[in-house]
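**Student:** Take this structure first; my questions come after.
The values are calculated or read from the model by the stated rules, or taken from the named source; none is laboratory data. What you are looking at is a predicted structure, and each value in this text was computed from that prediction instead of being measured. For neighbour counting, all protein chains shown are included, and Cβ atoms are generated from backbone atoms with ideal geometry for every residue, glycine included.
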Amino acid sequence: MRSGNNKFYSLILIIIDTSILLAAFTLAYILRVQYDPRPLVADVHAYDYLYSFLLIIPFWILIFASLGLYQPNTYNRRLVEWAKIGVGSFIGILLVIGWQYASDTDILPARLVAVYALAGSFILIVVAREVLRAVRSLMFRFGKGVRRVLIIGQTDTTNDIAISLADTRKSGYEIVAIAGPKKNLPQHLNVHHYSLLESALRDIDINAINTIIQTDLYDAPERNQKILNAAQTHHIQYSFIPGEAEFYSGKNDVDVFLGYPMITVHQTPLVGWGAIVKRIFDFIVSLVLVIILSPLFLVIALLQKILNPGKIFYVNERLSQFSRPVGLLKFRSMTHLKGWDSHNVDDAAEFRAMDREDLAIEYEKYQKVGNDPRVNAFGRFIRATSIDELPQVFNVLMGDLSLVGPRPILPQELKYSKGRSALLHSVKSGVTGLWQVSGRSELSFDERIELELFYAQNWTFWLDIKILLKTVLVVFRRRGAK
């Protein structure tokens, strides 16, 4: 949507980034060479320095492009944009250093030039984009570059899109008219409402419409063709947004099959290279964590033998990707009733055997309890600090789990997922996930399922990084760890 404006805005971003990178490297050279009396590592003339960077900058821009810095889903999200600018600037500096090493040519007169250039490029690009964002919002406020929209639809999606695009200063859209049932008309929007599609199409010129958004198809093909013909006749933009979430969540591929456009809908973006990158990241990080945490594992194992006699580890059968059973490894924190299988125990049944119907009901509602009497004193400590879950890095190393993903559920919990576990298990389960950083124990089972479905359908590598960082904060705050 708004593809013409988006392309123009992306072109402006490329021009600005190119200019700023050149300015940042020029400034870095001047600060180090002219204002720092310390000797230089290499005598690099200003002309040769700038010539080298004129050759490197296009590759730097390609790095930015590969990170999505010229796509709307990045530059319309401030924090995501800043993070990617930081990563892109760092990779760009590595490119410069690598180029210098590979070509055996002195590009940087001193190592500090690279530091100045890294800091300068990041700060200046962020500032420039914030200024450009403010200018764009100001233009939208005065109607410049705004798309005047007719929304056509009969489902709740029509209402959702209208509400989302209502703030013209942020969206760049002005909702002028809506064609469909009046129940889908947001009450606070002062727009034209058309009960008849034909009336809305007839008034396209009167309302100065330049964009049509259709949210669902009519049963009669000729009505859908009428909408498309109206857009073509008036030479305006037409976009179709399927109202069913399954058509736009996950990963979609558009191709041509037997002369027809074909949309292939994957359950999750975690297919192909996405799954490969995620597995490589999991393996490297888990291997490093195993090495770093080995002394802690030895200490906890000794304390277990002293304070909590019995087995050190607790292996629990859980269901992961494709509902495949995996042995989840944790430090043992519970003392079960005599005769109960600690590996695959039905918690609700065990609570009833303890004459704790209240806990059985609580478990059936939340799939855990706030004050589990089976947790021993040492177990409470390692649970409160989340130490009990650290051995799961071995599960990640072996490929049974991912660092981030949906919670691996117990086999007996399948009955609570109401048929949604198939999509939930399209990705590998994780040690941490979106539900842990969104309330953890305080969330109901259904709320967890919704969050985990969102993760499975909207995965990105950046979402994983964000969840991992939030997990560290949650653990240190000791919020929800029970």
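**Student:** What strands (runs of 3 or more DSSP E) lie completely within segment 205-271 and have 3 or more residues being modelled with pLDDT under 85, under 25 Å from His425 (Cα atoms) and not hydrophobic (A, V, I, L, M, F, W, C)?
**Tutor:** Answer list for segment 205-271: 251-257.
**Student:** A follow-up question, please. Being within 23 Å of Gly327 (Cβ to Cβ), modelled with pLDDT of 85 or more and surrounded by 17 or more Cβ atoms within 10 Å (Cβ to Cβ): is that true of Ser421 here?
**Tutor:** Criteria not met by Ser421.
Every residue, every condition in (1) polar (S, T, N, Q); (2) modelled with pLDDT under 85; (3) touching a His at 6+ places or on another chain (Cβ under 7 Å), yes or no:
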residue	(1), (2), (3)
Lys84	no, no, no
Phe90	no, no, no
Leu95	no, no, no
Trp99	no, yes, no
Val126	no, no, no
Arg133	no, no, no
Gly145	no, yes, no
Gln154	yes, yes, no
Ser164	yes, yes, no
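**Student:** Only one residue in Leu132, Leu108, Leu62, Leu95 is assigned to a helix (DSSP H, G or I) and over 14 Å from Asp17 (Cβ atoms), so which one is that?
**Tutor:** Every option except Leu95 fails the conditions.
**Student:** Being out of contact with any strand residue (DSSP E or B) (no Cβ under 9 Å at 6 or more places or on another chain) and within 24 Å of Leu473 (Cβ to Cβ) is the filter; apply it to segment 372-392 and report the residue that is surrounded by the most Cβ atoms within 10 Å (Cβ to Cβ).
**Tutor:** Across segment 372-392, the extreme among qualifying residues is Ser386.
**Student:** Another question, then. Could you tell me which numbered condition Leu108 fails, if it satisfies all but one of (1) under 30 Å from Leu50 (Cα atoms); (2) touching a helix residue (DSSP H, G or I) at 6+ places or on another chain (Cβ under 9 Å); (3) surrounded by fewer than 18 Cβ atoms within 10 Å (Cβ to Cβ)?
**Tutor:** Unmet condition: (3).
**Student:** Please specify each residue of segment 375-418 satisfying the condition of being modelled with pLDDT of 80 or more and hydroxyl-bearing (Ser, Thr, Tyr).
**Tutor:** Selection gives Thr385, Ser386, Ser402.
**Student:** Determine the pairs where a residue that is under 14 Å from Glu389 (Cβ atoms), located within segment 310-321, has a partner that is small (Gly, Ala, Ser) with Cβ atoms under 6 Å apart, the partner being 6 or more residues away or on another chain.
**Tutor:** If the second residue must be small (Gly, Ala, Ser), the pairs left are Val315/Gly327.
**Student:** If you go through segment 162-182, how many residues are closer than 21 Å to Asp219 by Cβ and either touching a residue at least 24 places away in the same chain (Cβ under 8 Å) or under 32 Å from the mean Cα position of the chain (by Cα) (or both)?
**Tutor:** Within segment 162-182, residues that are closer than 21 Å to Asp219 by Cβ and either touching a residue at least 24 places away in the same chain (Cβ under 8 Å) or under 32 Å from the mean Cα position of the chain (by Cα) (or both) number 4.
**Student:** Of all residues being crowded, with 18+ Cβ neighbours inside 10 Å and not aliphatic (A, V, I, L, M) in segment 175-193, which is nearest to Gln214 (Cα to Cα)? Just the residue, please.
**Tutor:** This residue is Gly180.
**Student:** Being touching a residue at least 60 places away in the same chain (Cβ under 8 Å) and either exposed (fewer than 12 other Cβ atoms within 10 Å of the Cβ) or closer than 23 Å to Phe122 by Cβ (or both): is that true of Tyr47 here?
**Tutor:** no
**Student:** Please tell me if Arg77 is modelled with pLDDT under 85 and under 28 Å from Ile212 (Cβ atoms).
**Tutor:** yes
**Student:** Follow-up. Among the residues of segment 149-203, how many are farther than 13 Å from Ile241 by Cβ and assigned to a helix (DSSP H, G or I)?
**Tutor:** 14
**Student:** Ok, one more. Here are some residues: Arg202, Arg141, Arg169, Arg147. Which one is at negative phi, buried (at least 20 other Cβ atoms within 10 Å of the Cβ) and of a type in the set (Lys, Arg)?
**Tutor:** Answer to the selection: Arg147.
**Student:** Output the residue which, of all residues in segment 65-74 that are surrounded by 13 or more Cβ atoms within 10 Å (Cβ to Cβ) and in a helix (DSSP H, G or I), is modelled with the lowest pLDDT.
**Tutor:** Pro72
**Student:** Let me ask something else about it. If we keep just the residues of segment 209-230 that are surrounded by 15 or more Cβ atoms within 10 Å (Cβ to Cβ) and over 20 Å from His193 (Cβ atoms), which is farthest from the chain's Cα centre (by Cα)?
**Tutor:** Ranking the qualifying residues of segment 209-230, first place goes to Asn224.
**Student:** Can I ask one more? Of the conditions (1) loosely packed, with under 14 Cβ neighbours inside 10 Å; (2) modelled with pLDDT under 85; (3) out of contact with any Leu (no Cβ under 9 Å at 6 or more places or on another chain), Ile15 clears all except one; give me its number.
**Tutor:** Evaluating Ile15 over (1) loosely packed, with under 14 Cβ neighbours inside 10 Å; (2) modelled with pLDDT under 85; (3) out of contact with any Leu (no Cβ under 9 Å at 6 or more places or on another chain) leaves (2) as the failure.
**Student:** Report yes if Asp48 is in a loop (DSSP other than H, G, I, E, B) and more than 30 Å from Val149 (Cα to Cα), otherwise no.
**Tutor:** So Asp48 does not fit the description; no.
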